[in-house]
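A.B. asks: Following this message is one structure expressed as structure tokens.
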Amino acid sequence: MPLQRIDSRLRRTILTMGAVSLAAWLTVQVLSPRRQLAWSVEMRNAAEMMEEAITVIGTEKADLISESDLNATGLIGPEYADLFTSLGDLEAKRTTINPDMAALLVHLLKKAGVEEGDMIAVGCSASFPALLIAVLSAAQAMDVHPVVIISLGASSWGATDSRFTLLDIYELLLDRGVFTIPPAAVSLGGNRDTGDEFEPAVRERLVERITSSGIQFISEPDLRKNVAARMGVYSGDGQQMIRDGITVFVNIGGAYANLGSSPLVLELGPGLIDKPIFPEEKHRGVLFEMATADIPVLHLLHIRGLALRFGLPWDPIPLPDAGSTALHDARSGNDPTFMLIAVLYLVTIIVIVFVCYSAISAESWRISNKSGSA
């Protein structure tokens with residue numbers, strides 16, 4: 001009989017712990033904040049603008065669409081072509097083509113403090129042409145002025161084909177009236193930002209193409225001088241103008257001049273960067289240079305993390321319609337209420353276990369004493 005009482009107490013304790021756990025879960029569900037992002041007019045306009053840009057490119061360059069471009073957008077290049085610089089992730093590239101990426105960029109820019117009439121700096125490699133379109137769409141929908149520097153080297157499945165470079169994509173959209181502000185400068189990208197790994201004939205054609213465009217050409221193998229040249233394009237007149245004029249720096253992809261040469265860049269997460277650890281000055285790219293000047297930085301490189309956090313579908317086929325994604329911020333649930341619930345839940349479980357343990361210990365002591373008396 002005493003052993004049965006112990007067994008019964010254990011069952012009651014397990015059932016009580018289960019009931020407490022269920023109550024805690026239901027409380028979290030009831031009190032959970034609405035984490036879905038409210039769509040603004042600017043977000044919807046940006047998504048529709050990006051959708052239009054995708055349609056223009058897919059129609060105009062149908063003959064260059066690669067077999068990996070399952071949505072026939074023209075924004076997925078060959079895995080390896082003459083502008084290839086490094087390995088990339090095909091699913092990540094296709095994920096960025098979602099028109100609602102532009103809507104998310106509106107949200108992130110506003111979160112960084114960008115307002116109508118502001119100026120933003122954009123540094124973009126050719127690895128993610130769709131992200132450049134997303135940023136340009138967001139900027140135009142918000143009536144924000146983007147100062148854009150693009151690099152033509154691309155990781156696999158980016159704009160790796162010299163027949164349709166990132167500059168070609170940009171100028172096509174300008175010609176079709178989708179966007180109105182041309183790039184401020186162009187570089188070759190790749191090794192040392194001078195396209196050292198390109199074939200000489202390819203490199204020569206690119207230089208001629210940039211020169212004929214009339215856009216400023218940045219070709220400087222020394223990192224510090226390259227960064228200084230880019231900061232000059234963004235500011236117009238040194239650091240003071242950057243502090244007064246640039247509201248945020250948007251980095252797209254992994255261009256050498258933007259990221260620099262420090263391994264600390266690998267520690268940067270996607271989205272708005274919060275208090276980065278700064279490398280030595282000689283290793284800093286534009287991203288760290290901006291952060292050093294207290295300019296907010298929006299880092300667009302680790303696409304899986306960005307998609308998971310904000311609810312973007314991974315590698316969608318077909319592409320979602322503009323405005324159809326239920327965007328949310330997975331980090332918005334970090335609320336004191338949930339910390340309180342967690343603490344109360346843990347304390348309750350500890351108390352239940354302690355009471356059960358004390359009762360079983362007392363019962364065991366009584367059984368032991370009875371056995372000794374017998």
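The values are calculated or read from the model by the stated rules, or taken from the named source; none is laboratory data. Computed from a predicted model, the values in this text were never measured in an experiment. Neighbour counts run over all protein chains shown; Cβ positions are idealised from the backbone, glycine included.
A.B. asks: Here is a list: Leu300, Leu287. Which entry is in contact (Cβ under 8 Å) with a residue 60 or more places away in the chain, over 13 Å from the mean Cα position of the chain (by Cα) and under 22 Å from Ser155 (Cβ atoms)?
C.D. replies: Leu287
A.B. asks: To continue, here is another question. Within the range 10-34, how many residues turn out to be modelled with pLDDT of 65 or more and among the basic types (Lys, Arg)?
C.D. replies: 2
A.B. asks: Quick check, is Ala103 in contact with a strand residue (DSSP E or B) (Cβ under 8 Å, 6 or more places away or on another chain), crowded, with 20+ Cβ neighbours inside 10 Å and part of a helix (DSSP H, G or I)? Give the steps one after another, and end with the answer.
C.D. replies: On the way: in contact with a strand residue (DSSP E or B) (Cβ under 8 Å, 6 or more places away or on another chain): no; crowded, with 20+ Cβ neighbours inside 10 Å: yes; part of a helix (DSSP H, G or I): yes.
So Ala103 does not fit the description; no.
Table: residues versus (1) within 18 Å of Ala47 (Cα to Cα); (2) crowded, with 24+ Cβ neighbours inside 10 Å; (3) at pLDDT below 95.
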site	(1), (2), (3)
Asn98	yes, yes, no
Leu108	yes, no, no
Val135	yes, yes, no
Leu166	no, yes, no
Arg176	yes, no, no
Asn191	no, no, yes
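A.B. asks: Can I ask one more? Ile120 fails exactly one of the following numbered conditions: (1) over 20 Å from Leu301 (Cα atoms); (2) touching a His at 6+ places or on another chain (Cβ under 8 Å). What is the number of that condition?
C.D. replies: Tallying (1) over 20 Å from Leu301 (Cα atoms); (2) touching a His at 6+ places or on another chain (Cβ under 8 Å), Ile120 fails exactly one: (1).
A.B. asks: Being in contact with a Ser or Thr (Cβ under 8 Å, 6 or more places away or on another chain), closer than 25 Å to Arg230 by Cα and not polar (S, T, N, Q) narrows it down to one residue among Val114, Val135; which is it?
C.D. replies: Working: Val135 fails: in contact with a Ser or Thr (Cβ under 8 Å, 6 or more places away or on another chain).
On inspection, the qualifying residue turns out to be Val114.
A.B. asks: Being surrounded by fewer than 17 Cβ atoms within 10 Å (Cβ to Cβ), on the phi < 0 side of the Ramachandran plot and touching a Leu at 6+ places or on another chain (Cβ under 8 Å) narrows it down to one residue among Ser187, Ser219; which is it?
C.D. replies: Details: Ser187 fails: surrounded by fewer than 17 Cβ atoms within 10 Å (Cβ to Cβ).
Testing whether each residue is surrounded by fewer than 17 Cβ atoms within 10 Å (Cβ to Cβ), on the phi < 0 side of the Ramachandran plot and touching a Leu at 6+ places or on another chain (Cβ under 8 Å) leaves just Ser219.
A.B. asks: Restricting attention to the range 106-124, and to residues there that are of a type in the set (D, E, K, R) and either under 14 Å from the mean Cα position of the chain (by Cα) or not in a loop (DSSP other than H, G, I, E, B) (or both), which single residue is farthest from Leu136 (Cα to Cα)?
C.D. replies: The residue in question is Lys111.
A.B. asks: Any residue at all in the range 70-91 that's assigned by TED's automatic domain parsing to the domain that holds Pro129, outside any loop (DSSP other than H, G, I, E, B), over 11 Å from Ser137 (Cα atoms) and charged (D, E, K, R)? Walk me through how you get there before you give the answer.
C.D. replies: Initial filter on the range 70-91 (assigned by TED's automatic domain parsing to the domain that holds Pro129): 70-91.
Going one step further and asking which of them are outside any loop (DSSP other than H, G, I, E, B), we end up with 84-86, 90-91.
Filter once more, so that each one left must be over 11 Å from Ser137 (Cα atoms): 84-86, 90-91.
Narrowing the set further to residues that are charged (D, E, K, R) leaves 91.
Among the residues of the range 70-91, at least one is assigned by TED's automatic domain parsing to the domain that holds Pro129, outside any loop (DSSP other than H, G, I, E, B), over 11 Å from Ser137 (Cα atoms) and charged (D, E, K, R), which makes the answer yes.
A.B. asks: So, Ala130, is that one modelled with pLDDT of 95 or more, farther than 29 Å from Glu208 by Cα and assigned by TED's automatic domain parsing to the domain that holds Thr247 or not? Break it down stepwise before answering.
C.D. replies: Working: modelled with pLDDT of 95 or more: yes; farther than 29 Å from Glu208 by Cα: no; assigned by TED's automatic domain parsing to the domain that holds Thr247: yes.
It is false that Ala130 is modelled with pLDDT of 95 or more, farther than 29 Å from Glu208 by Cα and assigned by TED's automatic domain parsing to the domain that holds Thr247.
A.B. asks: Would you point out the residue of the range 34-76, among those that are buried (at least 16 other Cβ atoms within 10 Å of the Cβ) and β-branched (Val, Ile, Thr), that is nearest to Asp329 (Cα to Cα)?
C.D. replies: Ile54
A.B. asks: Scan the range 184-232 residue by residue and report those that are in contact with a helix residue (DSSP H, G or I) (Cβ under 6 Å, 6 or more places away or on another chain), touching a residue at least 60 places away in the same chain (Cβ under 8 Å) and under 20 Å from Lys282 (Cβ atoms).
C.D. replies: Scanning the range 184-232 gives Ser187, Asp193, Ile218, Val227, Arg230.
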